[in-house]
Amino acid sequence: MVSRSATPGGPGRLPAEVTSFVGRGAELAALTALVGRARLVTVTGPGGVGKSRLALRAAARLADGFPDGAHLAEVSAVQDPLLLGHAVLEALRLTDHTARPPLDVLVEQLADRETLLVLDGCEHLVDACAELVDALLRAAPGLRVLATSRQSLRAAGEHLLPLAPLPCGPTGDRDGAESEAVLLFADRAAAVRPDFRLDPRNRDGVALLCRRLDGIPLALELAAGRLRALSVEQLAARLEDRFRLLTGGDRTSPDRHRTLRTAIGWSHELCTMQERLLWARLSVFAGGFDLDAAEYVCAGRGLDADDVLELVDSLVDKSVLDRLDDDGPARFRMLDTLREYGGHWLRASGDEQRLLRRHRDWYLGVAAWGEVEWFGPRQAETAERTRLAHANLRAALEFSLAEPGEEQFALVLAGTLWYFWVGTGHLGEGRHWLDRALALAPEPTDARAKALWVTGYLATLQGDLDRARPALEECRRQALETGDDRALAYAVHRQGCAALIGDEPARAAELFEEALWHYDALGELNSNVLMAMFELALAHLFQGDEESGRAWVERVRETCEEYGEQWVYGYCLYAMAFARRQAGDLRLARAFAREAMRLNHLFRDLLGIVLSMDLLALLATEGPDADLHEARVLQGAAHRLWRAVGTPFFGSRSFNGPHRECERRARAGLTEQEHAAAFRLGSRLDLDAAVRRALGGEPPGPSAGGSGGSGPDRPGPPPAPARPCSPVGA
């Protein structure tokens, strides 16, 4: 068993194994050798045969040979082919804010990297996977792909490793050399019954059982889970009866798909009625889920919420559910093969639509609660909780878009998730869902108004003003016609952002002041409102009005510290650094810019990171310890990041000011060769390495502790809030 959730760390993201790896020595050697000489290898075989486990073990063994790491992209949780590229970007931790297609971003980002990419569970998107892999391998010579699928991808250069079930052998060998199937069963049986050992009394029964199950690992694990209640002999006898009933006694030419279905079906029949009911209902989840979600979605109509915990525990015991090895609250996942089986029974019960709707409603609640908690000290936890729910949020959005009459829910959910799209680097995917929802629901509702301003916000951050301005104007016009004051405030605010990026700081300041007037009249206070204050401060600073700019920055800082807001606080620190540099205080300017980078890196907010990095590059050219070479290295790193953000500095002269000044100084003080070499060095750094370099070699994670004890050179994140905060306007 493999834990399907891994904490990002190091150059790769492979999940940790939580059960022992038994057998497969020859296949593992063959697979690692094949990946060593072929750039695309696909492990094929029926469901439950162990493709994923073998691929991940091989990837872990090979990871040290790839400087940019080995990464797992779980394709099975992605249903829309258009989201495949987004899923791979996420797996590779390649944050991108641009409006470019994900494939273009992947091609660019992977072109000079040496990476092993594991695509797990490709069979339902085999054509899309083949197209993606073909394009990536052609563009990135250092990339190798290890895929798992029930069928081949049929892509150019593909090498196949068909994976057969584990060998069962004859009966138990008396010299102690057991078959791999027997060894796997014995290992899993010992996990269920610690006193279980292979011995002369049970060896023949275990060998018979393994042959009955054709050596399919999943079937063996399911059977081992029954040893809590049955002996090996009882298990073998009952399974033999089950096969005879289903196959008419003809086992001369076993169909392994039939064998697995039979083994799963038999395990299903041995479950209680309540366990079967929960198994079916849990099939609506995509990826991992927690107990609270299971209780809300699955309870009712014959299943009491108070019983769900015990039933989940029982399904874990029976190997129907995996418990994920996460930090924090327990989470669970059902293997795809078992999920498909449960989904069949859910459809047969006629209850699928109701469960899908309850699933959607739960994750709409997750998004709504995340939006509220985004303004406060738990932003990092909210970002992580939403990330863990990402696959289920996609499923909820897909249901709302595919089911007639549910389009308004799609608008609400896609709009509510603005904090996730913006704050954690998913602008492209956010626009994908918003564009689809807006196209399906043209009527002027409150949900559409919110989706319009969120779309305008995302497009503005991508530098796509041609799309942003019409969306924001439509939102403003609809708000005036319907009397929606909240939507009007947000539309005007985001129009101010477009003006600021469009080098109209005076016009931007007017719009920000108008938006803040509306926010104040509404009693609105949240991260968006603070961002409007920060942007107004920038508009003043860009016009040379340092006094007004510093006054607004100070107001943002005080409010962030009062409420424990960290995301906007990162931008506030950037503005503070900008202002302190203008005032000639280089020491504090550097401290503020570095802390701004730390906080933005916490959320993987590329825009905040790259703005701080360009400012640090300029600061490196100033003062007695000026280092022009390092300044140019940081400019090279920032240049690479800007390509993932969009048009460098949004094409804005105001935002580009520090960069131009830094380049002028570096060019004047370095030879042409030194100037170019330093820039190339920086442009080869990935995100984490670039941030670490900008921080002087310190870890890129956020600093700990409140601001009160950090000292002037190390301003920490704001402390906890003094009172509850208001939610973001709907």
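Worth a mention:
- Within the range 533-555, the presence of at least one residue that is under 20 Å from Ala515 (Cα atoms), modelled with pLDDT of 95 or more and in contact with a Lys or Arg (Cβ under 9 Å, 6 or more places away or on another chain) is confirmed.
- For the range 591-610, filtering for residues that are within 24 Å of the chain's Cα centre (by Cα) and in a helix (DSSP H, G or I) leaves 12.
- For beta carbons closer than 8 Å, sequence separation of 6+ or different chains, a first residue in the range 75-86 that is free of Cβ contacts under 8 Å to residues at least 60 places away in the same chain and within 14 Å of Asp127 (Cα to Cα) and a second that is open to solvent by 20 Å² or more (accessible area, probe 1.4 Å) and small (Gly, Ala, Ser), the qualifying pairs are Pro81/Ala128; Leu84/Ala128.
- In the range 101-125, the residues that are closer than 25 Å to Arg684 by Cβ reach residues that are assigned to a strand (DSSP E or B) and among the β-branched types (Val, Ile, Thr) with C-beta atoms within less than 6 angstrom, at least six apart or across chains, in these pairs: Leu117/Val145.
- Filtering the range 51-94 to residues that are assigned to a loop (DSSP other than H, G, I, E, B) and out of contact with any strand residue (DSSP E or B) (no Cβ under 9 Å at 6 or more places or on another chain) leaves Val78, Gln79, Asp80, Leu94.
- Residue count for the range 351-388, restricted to those that are crowded, with 22+ Cβ neighbours inside 10 Å, free of Cβ contacts under 8 Å to residues at least 40 places away in the same chain and touching an Asp or Glu at 6+ places or on another chain (Cβ under 9 Å): 1
- Scanning the range 360-388 for residues that are assigned to a helix (DSSP H, G or I) and hydrophobic (A, V, I, L, M, F, W, C) turns up Trp362, Leu364, Val366, Ala367, Ala368, Trp369, Val372, Ala380, Ala383, Leu388.
- Boolean, Leu321 is touching a residue at least 24 places away in the same chain (Cβ under 8 Å), in contact with a Lys or Arg (Cβ under 8 Å, 6 or more places away or on another chain) and open to solvent by less than 10 Å² (accessible area, probe 1.4 Å): yes
- Those residues of the range 602-639 which are touching a Pro at 6+ places or on another chain (Cβ under 6 Å) and under 19 Å from Gly423 (Cα atoms), in sequence order: Leu602
- Per the conditions (1) over 23 Å from Leu641 (Cα atoms); (2) in contact (Cβ under 8 Å) with a residue 60 or more places away in the chain; (3) not small (Gly, Ala, Ser), the sole criterion not satisfied by Pro470 is (2).
- For the range 458-475, a residue qualifies if it is buried (at least 24 other Cβ atoms within 10 Å of the Cβ), modelled with pLDDT of 95 or more and either over 28 Å from Glu504 (Cα atoms) or not aliphatic (A, V, I, L, M) (or both), and exactly one does: Cys475.
- Filtered by the rule that a residue be hydrophobic (A, V, I, L, M, F, W, C), open to solvent by less than 10 Å² (accessible area, probe 1.4 Å) and modelled with pLDDT of 95 or more, the range 488-502 gives Ala489, Ala491, Val492.
- Screening Ala111, Ala128, Ala87, Ala147 for residues that are surrounded by fewer than 21 Cβ atoms within 10 Å (Cβ to Cβ), more than 19 Å from Leu641 (Cα to Cα) and in contact with a helix residue (DSSP H, G or I) (Cβ under 9 Å, 6 or more places away or on another chain) leaves exactly one candidate, Ala128.
- Each residue in the range 486-542 was checked for being of a type in the set (Asp, Glu) and closer than 26 Å to Gln379 by Cα, and 3 pass.
- Failed criterion for Pro505 (all others in (1) open to solvent by 10 Å² or more (accessible area, probe 1.4 Å); (2) over 30 Å from Leu541 (Cβ atoms) hold): (2)
- Filtered by the rule that a residue be open to solvent by 10 Å² or more (accessible area, probe 1.4 Å) and farther than 20 Å from Trp418 by Cβ, the range 530-543 gives His540, Phe542, Gln543.
- Counting residues in the range 622-635 that are under 28 Å from the mean Cα position of the chain (by Cα) and in a helix (DSSP H, G or I) gives one or more.
- Residues located in the range 23-50, provided they are hydrophobic (A, V, I, L, M, F, W, C) and either closer than 18 Å to Glu180 by Cβ or in a strand (DSSP E or B) (or both): Ala26, Leu28, Ala29, Ala30, Leu31, Leu40, Val41, Val43, Val49
- Residue-level check: of (1) assigned to a helix (DSSP H, G or I); (2) open to solvent by 10 Å² or more (accessible area, probe 1.4 Å), Met613 misses just (2).
- Subset of the range 595-604 (residues that are crowded, with 24+ Cβ neighbours inside 10 Å, over 15 Å from Pro658 (Cβ atoms) and in contact (Cβ under 8 Å) with a residue 40 or more places away in the chain): Glu595, Arg598, Leu599, His601
- Single unsatisfied condition, Glu546 versus (1) open to solvent by 10 Å² or more (accessible area, probe 1.4 Å); (2) within 32 Å of the chain's Cα centre (by Cα): (2)
- Matching entry among Gly328, Gly343 (being part of a helix (DSSP H, G or I) and small (Gly, Ala, Ser)): Gly343
So that you can scan it fast, the table gives a plain yes or no per residue for (1) modelled with pLDDT under 95; (2) assigned to a helix (DSSP H, G or I):
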position: Val422; (1), (2): yes, yes
position: Gly425; (1), (2): yes, no
position: Glu429; (1), (2): yes, yes
position: Ala437; (1), (2): no, yes
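- Just one of the listed residues (Ala348, Ala391) is at pLDDT 90 or above, out of contact with any Lys or Arg (no Cβ under 9 Å at 6 or more places or on another chain), open to solvent by less than 30 Å² (accessible area, probe 1.4 Å) and not in a loop (DSSP other than H, G, I, E, B), namely Ala391.
- Selection of the range 520-529 for residues being crowded, with 24+ Cβ neighbours inside 10 Å and not polar (S, T, N, Q) yields only Val529.
- Selection from the range 197-230 of residues that are under 19 Å from Gly23 (Cα atoms), open to solvent by 10 Å² or more (accessible area, probe 1.4 Å) and assigned to a loop (DSSP other than H, G, I, E, B): Arg197, Leu198, Asp214
The values are calculated or read from the model by the stated rules, or taken from the named source; none is laboratory data. Model, not experiment: these values are computed from the prediction. Note that we place each Cβ from the backbone using ideal geometry, even for glycine, and neighbour counts take in every protein chain shown. Only protein heavy atoms, including side chains, enter the accessible area calculation; ligands, DNA and RNA are left aside. Shrake-Rupley method; radii C 1.70, N 1.55, O 1.52, S 1.80 Å.
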